[in-house]
Each structure stands twice: as structure tokens, then as C-alpha cells.
Amino acid sequence: MVESINEACNVENKNQLNGFRWIIPRIINNGASYADVMRIFENAYDHESWYREWTNIAKFYEKNAEIENSKNNIETAGEYWLLASNYYRTAQFIIFKDTPLKHELYEKSAECYKKACSILYPYFEVVQITVGEQSFTGYLTMPSNSKKMAAVIVLHGTDSTKEETHNICLAFWKRGIATLTFDGPGQAETRLNGITLDKDYYAKVCSAAVDLLQEHPLIEENSIGVWGQCLGGYLGMVATAYEPRIKACASLSGFYYLDTWLGDNIPTSFKKLFMYAFDVKTFEELKDKAKNFNLEGIISKVNCPMLIVHSTGDFLVPASEANQIYDEATCPKELKIYNGSVHCCSDIIPQVRPFMIDWMKLKLLSERKERND
């Protein structure tokens, strides 16, 4: 997965080539510079060089952010801190175990991200979502702080972080919608703190996130939606099934069965990723955990409008699962399947992201209009 671009293009390995079609657009669409990515992929040929190359360029932008900030070039400093955050996060992306290096790289990513967003957003707040005695750090962003608005809870995938959702949240922000994003059980900062993947616990965190939004004076309490991709797409549907206060749900590449990820055609790295998320040591333990991760008897409980987006070229989750979700859903529903695109439609994000976000905006604003009429 981390061989050079030139080597990968000569390898007759469908999984590896699919991986490159997925990961390069993903990194760029989530805020990296194309030129930086190309230089790094030419020089990163194993795990050690991957960490080194991404960390070095992250340090470069972090240092320059501090220089520009000292010159009072605040906007430039914010943009550089955002790049640094992106690159520190990408450096730890392929570490599927709890190590000091993963902790260090993630903490640097979060530190730079907070500095960037305090400059780049008109309203950015670090919040705590509380479930019992446990708190989950979240980022609440708003396009303004003067009028009530709809809000969307943004849920990311297993290998992602709340910081990686920046461009998704930005797209909502440009449309006048607030966002709340966090690392749920088994994800990023929360996993580093020892909390493992659990779908029921995750749904409770989502309900607590709705509580937080409804208590905020600038959020329309009955105009809250959920947008998720991959694992977040699946868990968003689970949360919506049990949380009637969620008024619209959009899922990108959400799966029906987690067992799909455990087939012989799936790269070992993705299996290791879920072993880390669940904190299990063997593949047999992972298969046992995966049995409980499906939508059987759940999807029919969703009552609000739902958008299901998938692609025929997804090498991790087959499009047939999107069709199954659509067929079993009894709520107002829409299904959009793109031809040939990879997992999470990473190679056509400029088409997919606006489509999904505009759909969410329409549903939440329609919900508000119906209440006011």
C-alpha cells in the first residue's frame, strides 16, 4: 500500500491498485496539496518512510505557520496549520496499533487543527459530549453566531479522525448549516484513550450529541441531521433508527454487514484496522465481533428521510448492500449508485459531496418550513 506510485502502477494486484485509486483522492479531497502528495508518494516505499515523509512536511508547515503568525499574517498561519494537521494525521493513518508514535502524531494533528480553526472559522468551539462519566471531545462549527440554524452530526470512518472531516464540515458551513463532529468509540482519539468499537455505545454518544445541539441557543432543535461515511455511514443509520430527534440521515458507502470486510478479497490492512478498533488479537475474535455489526431488524426502524449513496467499484462494500438497505427501509428514501467509483466515492468527491450536502440542506430546511407553516 505504501510503495511508490511508479512501482504500484506496475503491480498486477487489484487490491493494491484499488487502494491507490482510493487513498490518493481521499488525501487530496480532504485538504492536502496535490504537489505535496505526489512528492511524498514518490519517496514513501515502506512504513518507516511513510511516517518520515509525512511528518517532515507536517513540521515544515507547522514551522511556517508559527512564522506567519508572528508576522500577523493570521489567515496564512491558519492555512499552514491546517495543512500541518492534515499531514500529521496522514502520517499515523497506517498505524493499526496503540503506539507512542501514533499518540504523538495524532496529538500534533489535533493541536494544529485547533489553532487553524480558531482562525479560519467564524465560530469554532471544542465541546465535550458526555455519556455517563465518559466525555468525547467534539468540534462544533457554525457559519455565524447571530441566528438559529440547522445542524448536522458528521460521522467518519474507522481509520479516520474528526479532524479529517474539515472539508465536509466546511461545505455545510458554506450552506448555512452548523456541524458537530467527534471520534466515537473505536475511532481515533477515543480509541487512543482505550475506548473500543461498540455500536450500541456509539448510538448513545450520537444521542448525547443531539442533546448538546438541542441545548445550544443557536441551533434549531428540530432541524438536526446525521451525515456519515463508511463505518460512520453504518453507525449513522443505527443511531437514526433509535433517535427520533434526528430528522434526516445520509450515508455514503455505509455497509449492511461488517462480515463483508472479512472476505479473502479484502486487503489484510483493513482487517488489522478493525482488529485495532475492537481491540482483539486474532482474526477469529474479529469474526465473532463482526457478527453483531449488521442492519438486520434496524434499518426498518428509521423513520426520517434517508439518502443512501454508493458505487459499483467499491472494493470494500459491494453495491448490493446499498440496494439491500434501500429495499428494507420503510422511511422516505433515495438511492444513488455511481458507476465504477471506488470506496466512499473518493475519486469523484467533487460530484458526490455537494449532492449529498444539498440533499441534507433541503430535508432539514423543509422540515423547518413544515413546522412553521
### Anchor residue 289: lysines whose Cα lies under 28 Å away (excluding residues fewer than 8 positions away in-chain)
14, 97, 102, 162, 199, 204, 271, 272, 281, 301
### Query
Among residues other than residue 198 whose Cβ falls under 10 Å from its Cβ, what is the net charge (Lys/Arg +1, Asp/Glu -1)?
+2
### Query
For the chain, what relative contact order do you get, as a whole percent, if you take Cα pairs closer than 8 Å and at least 6 residues apart?
13
#### Entry: Global form of the range 206-279, assessed from the alpha-carbon gyration tensor, a/c cut-off 1.5
prolate
### Message
I'd like the antiparallel share, as a percent to the nearest 5, of DSSP beta bridges with both residues in the chain.
### Response
35
## Note on the structure
The simple spin-label model distance between residue 193 and residue 125, using points 7 Å out along Cα→Cβ, in nm, is 1.8
### Query
Over the range 37-143, what is the relative contact order in whole percent, taking alpha-carbon pairs under 8 Å and six or more residues apart?
21
#### Entry: Stokes-Einstein D for the range 238-282, Kirkwood Rh over Cα pairs, 4 °C, 1.567 mPa s (µm²/s)
100
### Task
Quick one: grab Rg to one decimal and Dmax as a whole number for the chain, Cα atoms only, in Å.
19.8, 61
### Distant alpha-carbon pairs in the range 288-338 (separation over 18 angstrom), percent
35
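Readers should treat all values here as calculations from the given coordinates under stated rules, not as data from a laboratory. Quick caveat: nothing in here was measured; it's all calculated off a predicted structure. Cβ atoms come from the backbone with ideal geometry, glycine included; neighbour counts cover every protein chain shown.
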